[in-house]
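First up is the structure itself, then whatever we jot down about it.
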Amino acid sequence: MVRTASLVLLFGSLNLMAQTSTEILDRALLRQTVCGPIGLKARMLDTSQDGLAEPHQSVGITLNNLKSTPIVLERYTLHFNAETSTSGAPFEGEIKVAVNAGQEALFASLTTVPNPVSYVEVNLIKYADGSSWHPNEGEVCKIVPRPLKNQASGNR
């Protein structure tokens, strides 16, 4: 009986340590940019299995609400490498997204622009109480998406 109790305590401690170190590792891998009352993470998504006829790329954006009021809408801009009016100008998007206080939500933005996405810029956040947030004049809230794993390993 005593041996069983000590084994449970030992495995319980190891389980807690494993969860903590995994959580820290995940946070380090998913770099978060904090802009005022929001946190942002972005990564390129694998679109190879989408089955769409036209070439495309997709960016997964995680929006973390650091404020006590729920978010209801986000306006963002995708910027591309070597963007020009003919090769892929910035793409502006708006999404109705419900993100409660202290929560995060993931959404994706799909584009057929052939140039790689260089960064995502957040232009405006609207809250359920009617208030809003946007970067101060002259400031930019941006995050560079993590590349796909096969692209990242090729760069090392």
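Every number in this text was worked out from the coordinates using simple rules, so none of it is lab data. In this text, all values refer to a predicted model and were calculated from it rather than measured experimentally. So basically every Cβ, Gly included, is an ideal-geometry build from the backbone, and we count neighbours across all protein chains shown.
Of note:
- Selection within the range 52-76 - part of a loop (DSSP other than H, G, I, E, B) and more than 17 Å from THR111 (Cβ to Cβ): LEU66, LYS67, SER68, THR69, PRO70
- Filtered residue count, the range 96-120, keeping only those that are free of Cβ contacts under 8 Å to residues at least 60 places away in the same chain, surrounded by fewer than 16 Cβ atoms within 10 Å (Cβ to Cβ) and in contact with a Leu (Cβ under 7 Å, 6 or more places away or on another chain): 1
- Criterion violated by SER118 - all others in (1) over 30 Å from ALA53 (Cβ atoms); (2) outside any loop (DSSP other than H, G, I, E, B) satisfied: (1)
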